[in-house]
1. Residues that are loosely packed, with under 13 Cβ neighbours inside 10 Å and more than 27 Å from residue 12 (Cβ to Cβ): does segment 100-111 have at least one?
2. Taking the condition of being in contact (Cβ under 8 Å) with a residue 24 or more places away in the chain and part of a helix (DSSP H, G or I), how many residues in segment 139-163 meet it?
3. Does at least one position in segment 133-141 carry a residue that is more than 13 Å from the ligand (Cβ to nearest atom) and surrounded by 17 or more Cβ atoms within 10 Å (Cβ to Cβ)?
4. Please work out which one of (1) within 12 Å of the ligand (Cβ to nearest atom); (2) in contact with a helix residue (DSSP H, G or I) (Cβ under 9 Å, 6 or more places away or on another chain); (3) not in a strand (DSSP E or B) is the condition residue 115 fails and give its number.
5. Taking interchain pairs and intrachain pairs at least six residues apart, which have beta carbon atoms under 8 angstrom, with the first residue in segment 118-138 and in a helix (DSSP H, G or I) and the second surrounded by fewer than 23 Cβ atoms within 10 Å (Cβ to Cβ) and modelled with pLDDT under 95?
6. In segment 41-61, what residues are in a helix (DSSP H, G or I) and buried (at least 16 other Cβ atoms within 10 Å of the Cβ)?
7. Name the single residue that is nearest to the ligand (Cβ to nearest atom) among those in segment 81-98 being surrounded by 11 or more Cβ atoms within 10 Å (Cβ to Cβ) and not in a strand (DSSP E or B).
8. Quick check on this structure: which one of 78, 59 is more than 14 Å from the ligand (Cβ to nearest atom) and under 15 Å from residue 131 (Cα atoms)?
Ligand code: NI
């Protein structure tokens, strides 16, 4: 396993739409392992393959306190979205240091494959529903800041550009 470099907003590679995984084989499992290691090391609670510049529809999530309950979603599809719209403060490993409220459906049903290539369906609410929608957005070339006003987006880009300058 290896830690991969996380692409940062507003890098245009984050806008690429990811392709479906055709076969869940060992190369996909190696990639999932790298994604998990990269997420844990960051540390974060979710990562989409897009964020490490691999444009395949793969997501890893771990919402557990002990960081020992990895969830893998390959080719995730939102079958239905409902419940009350809920507002949650989101952050992203590709947008370091930025946390903003985003409104999304509170409950979703998602179908995906696991790392053995087996199909499963889950009903998610709360943080898992937020996280899944955030990560599926990445696979579709969308970052959570795209849900915000243009003014906020330009302020965030200015803040990140300053961070990069200060780090240089
Ligand atoms: Ni993100």
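The values are calculated or read from the model by the stated rules, or taken from the named source; none is laboratory data. Treat the numbers as computed from the prediction; the structure is a model and nothing was measured. Neighbour counts are summed over all protein chains in view; Cβ atoms, including those assigned to glycine, are modelled from backbone coordinates with ideal geometry.
1. no
2. Adding up the residues that qualify gives 10.
3. Within segment 133-141, none of the residues are more than 13 Å from the ligand (Cβ to nearest atom) and surrounded by 17 or more Cβ atoms within 10 Å (Cβ to Cβ).
4. Result: residue 115 passes all but (1).
5. So the pair list comes out as 129/83.
6. Within segment 41-61, 49, 50, 51, 52 qualify.
7. The qualifying residue nearest to the ligand (Cβ to nearest atom) is 92.
8. Just a single option satisfies the conditions, and that option is 78.
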